[in-house]
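Structure first, commentary second.
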Amino acid sequence: MLTLLSPAKTLDFETPPVTDQHSLPDYLDDSAELIDVLRKYSPDEIGALMKLSPKLSELNVQRYSDWKIPFPEGESKAAVLAFKGDVYTGLDADNMSKADLDYAQGHLRILSGLYGLLRPLDLILPYRLEMGTKLGNDRGKDLYAFWGDKITDALNELTEQPGINTIVNLASNEYFKSVKPKALKAELITPVFRDEKNGKYKIISFYAKKARGLMAAYQITQRIENAEDLKKFDVAGYRFSEEESTATEWVFKRAEKDVPNA
């Protein structure tokens, strides 16, 4: 089973990594091509393109300028430890064991606008480039055109390995649009997390993001190989809802009274 996550806008390159194990992204030549495109933009143009404040625009222009291969020593960090935010709060990779991180390396992938598809321990440099950015390039009008079939083909190669015949999509819609579901050779399952509010169950972004990380952590730490076993996920008050689920969309619900610290 292979689990997909989105990256995070928030990064932490200051906290020392909990492991010195690392790998390198598979598509660094593609990343370098995108960096060359981004370097042509002024801070004002980056701000308009990505809807960033002047301060963040200046920061990211500097990041594009500094980006180079090989990565300067001490400036890169494993992706799963560098990304922060709600999903990664739920994942809590900083507190995983070496064995957990080793397992994650083979069973978790992170979609990325700049790097395409990342293993958890792939080193990255600080960057900002969301998958939905309409960055024109030699391959098309945006990043979906840039990555084309490459991400889908990579996932199909991974699912040819023994024991990996299901993809669990815990990525956001923006990032999963870089995958072509009809071309996937593996079974695809998309968990959906609904929380009760005022007597009605709905997707609440903050809770749903954290739940995606919690489920990815559950899959890793419990060594879940069979997708059916994910239905036993009962972390932080969530329970599988058989009656609201379909074959490909699995609904997990949480009552308001079961929200931690509610």
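Between (i) 31, 20, 19; (ii) 39, 30, 15; (iii) 33, 19, 16, which entry matches semi-axes √(5λ) of the Cα gyration tensor in Å as derived from the coordinates of this structure?
(i)
Label Leu59 and Ser23 with points 7 Å out from Cα along Cα→Cβ: what is the distance between them in nm?
So the two model labels end up 2.9 nm from each other.
Could you rank Tyr207, Tyr175 by how accessible they are, 1.4 Å probe, largest area first?
Result, largest first: Tyr207, Tyr175.
Quick one: which residues, 5 or more positions from Leu108 or on another chain, have an amide H under 5 Å from its amide H? H modelled 1.01 Å from N in the peptide plane, none for Pro or chain starts.
Those lying under 5 Å, H to H, from Leu108 are Thr3.
What length, rounded to one decimal in nm, is gained on full extension from Gln222 through to Arg39, with 0.36 nm per residue of separation minus their alpha-carbon distance?
61.6 nm
For Glu249, enumerate residues with amide H under 5 Å from its amide H, sequence gap 5+ or separate chain, H modeled in the peptide plane.
So Glu249 has HN proximity to Thr190.
Per residue, how large is the accessible surface of the stretch 1-95? Use a 1.4 angstrom probe and give square angstrom.
About 53 Å² of surface per residue is accessible.
To the nearest Å, what is the center-to-center distance of the stretch 166-202 and the stretch 234-256, using C-alpha atoms only?
13 Å
How long is the gain from Glu243 to Arg139 if the chain were fully straight, where each residue apart is worth 0.36 nm and the alpha carbon distance is subtracted?
So the chain would gain 33.1 nm between Glu243 and Arg139.
Kindly provide the GluC sites (Glu not before Pro) of the stretch 1-77 that DSSP labels as loop, not H, G, I, E or B, and whose Cβ sees at most 10 other Cβ atoms within 10 Å.
Glu14, Glu73
Between Ala99 and Glu157, with labels modelled 7 Å along Cα→Cβ, what's the label distance in nm to one decimal, could you check?
Taking the two extended label points, one gets 3.0 nm.
Once ligands and nucleic acids are excluded and a 1.4 Å probe is used, how much of Asp234 is accessible, expressed in Å² to the nearest 10?
90 Å²
What accessible area per residue, rounded to a whole number of Å², is obtained for the stretch 104-262 using a probe radius of 1.4 Å?
47 Å²
In debye, nearest 20, what is the charge dipole magnitude of the stretch 89-188 about its Cα centre with +1 on Lys and Arg Cβ and -1 on Asp and Glu Cβ, if you could check?
Magnitude of the dipole: close to 380 debye.
Under unit Cβ charges (Lys, Arg +1; Asp, Glu -1), what dipole magnitude, rounded to 20 debye, does the chain have relative to its Cα centre?
For the chain, the charge dipole is close to 820 debye.
Computed FRET efficiency, Cβ-Cβ of Asn198 and Ile69, R0 45 Å: what is it to the nearest 0.05?
About 0.30, to the nearest 0.05.
Please list, ordered by chain and number, the residues whose modelled amide H lies under 5 Å from the amide H of Asn137; skip anything fewer than 5 residues away on the same chain.
Asp142
If you place +1 on the Cβ of every Lys and Arg, -1 on the Cβ of every Asp and Glu, and leave all else neutral, what size is the dipole of the stretch 1-154 about its Cα centre, to the nearest 20 Debye?
Once rounded to the nearest 20, the dipole reads 400 debye.
At a Förster distance of 22 Å, what's the computed FRET efficiency of Asp258 paired with Phe206, Cβ-Cβ distance as r, to 0.05?
Efficiency at R0 = 22 Å is approximately 0.90.
Roughly to the nearest percent, how much of the accessible area of the chain is carbon and sulfur, given a 1.4 Å probe?
Heavy-atom surface of the chain belonging to carbon and sulfur, 1.4 Å probe: 48 percent.
At most 14 other Cβ atoms within 10 Å and a DSSP loop assignment: could you name the trypsin sites (Lys or Arg not before Pro) in the stretch 187-262 that fit?
Answer by residue number: Arg223.
Would you mind telling me the antiparallel percentage of the DSSP bridges in the chain, rounded to 5?
Bridges in the chain that DSSP calls antiparallel: roughly 45 percent.
The values are calculated or read from the model by the stated rules, or taken from the named source; none is laboratory data. A quick note: this is a predicted structure, and the numbers were derived from the prediction, not measured. Don't worry about glycine lacking a Cβ; one is built from the backbone with ideal geometry, like all the others, and counts go over all protein chains shown. Calculation scope for accessible area: heavy atoms of the full protein, side chains included, ligands and nucleic acids excluded. Shrake-Rupley method; radii C 1.70, N 1.55, O 1.52, S 1.80 Å.
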